Amino acid sequence: MVPPETDVVDPVVLRSVFGANLRKLAGRYPSVAGLCRELGINRTQFNRYLSAESFPRPDVLHRICTFFKVDARILLEPVDGLISQSQDIFRHPVVEEFLGKTGSIVTENDFPSGLYRFSRPSFMDETQFVLGLLYVFRRDEKTFVRSFEARQAMHEQGLADTVINREIRGAVLKQEQGIAVLAARRNSTTCSFSFLSRIASFQNNFWEGYAARTISESLNGQRVVRMVFEHVTGNTNAILAAARQAGLCTHEDLPPYHARLLRLGQLFR
């Protein structure tokens, strides 16, 4: 009995399609060496995958698919059709050339990881200021921020001051003269946009700019205020002081250099 004919894919074709897809995925990362470290794959072996000279073991293939959030169709179909564009608005074809490539690559030199002490005037009361801590970290070659809104500010908005409600997260984008931060509380409530540029200081660890919140215009409160960031990683005294003072305060309670920068910003606004 003659067995029925079946479609058999040439291994050479599999390696070729996989190599082309892997090159496209890897091209989104600034460093192949760094990518190999993230994947836990030897650089020489990874290059063999890229050039279609070799094919990964099932466990390595699974690791690659999991990392890039694709499935095993990476062996047979162009990768562009496998990635859900809806999961990453910045990589949607409409805006990818504008927001999704170099804009999302923020180097340590541009904006170092670690803890920052920040200050700004209150949006609700111009006589009050907000002082707090913010954490900058990196995942998958992208830069993110995490912080918590002051309890007093939550009370002024009539919101519960639970940790879940107060948590703020955001993404950092590179700009021509600095960095931009788009952040929000859970479910995109009370979004804010900040722009910061590095300023010359004796430690080169200060950024200044402004923060804007997404609310309708009213007679009460401000939509745009000055903002100062100070990189304090390694400065235990500054970190502990910011942790103790986090929340609303007066101008006199601000760290001296913060107060000076915010004051200058108001004068030249």
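Coordinate-derived values only; no laboratory data. These figures come from a predicted structure and were not determined experimentally. Neighbour counts are summed over all protein chains in view; Cβ atoms, including those assigned to glycine, are modelled from backbone coordinates with ideal geometry.
Using a 7 Å offset from the Cα along the Cα-to-Cβ direction at both ASP140 and THR190, what is the distance between the two label points in nm, to one decimal?
Placing both labels 7 Å beyond Cα along the Cβ direction yields 2.8 nm.
For THR214 and TYR257, what is the calculated FRET efficiency with R₀ set at 25 Å and r taken between the beta-carbons, to the nearest 0.05?
Working from the Cβ atoms, E equals 0.30.
Using amide H atoms built in the peptide plane, which far-off residues or other-chain residues are under 5 Å from MET227 H to H?
Under 5 Å from the amide H of MET227: GLY209, TYR210, ALA211.
List every residue whose amide H lies under 5 Å from the amide H of GLN175, counting only residues 5 or more places away in sequence or on a different chain, with H placed 1.01 Å from N in the peptide plane.
ALA180
Working out 0.36 nm times the residue gap between THR44 and THR236, then minus their Cα-Cα distance, what length gain in nm do you get to one decimal?
Full-extension gain reported as 64.9 nm.
Using Cα pairs closer than 8 Å and at least 6 residues apart in sequence, work out the relative contact order for the range 114-267, in percent.
Averaging sequence separation for qualifying contacts and normalising by length gives 28 percent for the range 114-267.
For the range 11-83, what is the convex hull volume of the alpha-carbon atoms per residue, in Å³?
76
Which whole-Hz ³J(HN,Hα) couplings does the range 31-39 yield from phi under the Karplus relation 6.51 cos²θ - 1.76 cosθ + 1.60, θ = phi - 60°, glycine and proline marked x?
Going residue by residue, I get 9, 5, 4, x, 5, 4, 5, 4, 7 Hz, with x marking Gly and Pro.
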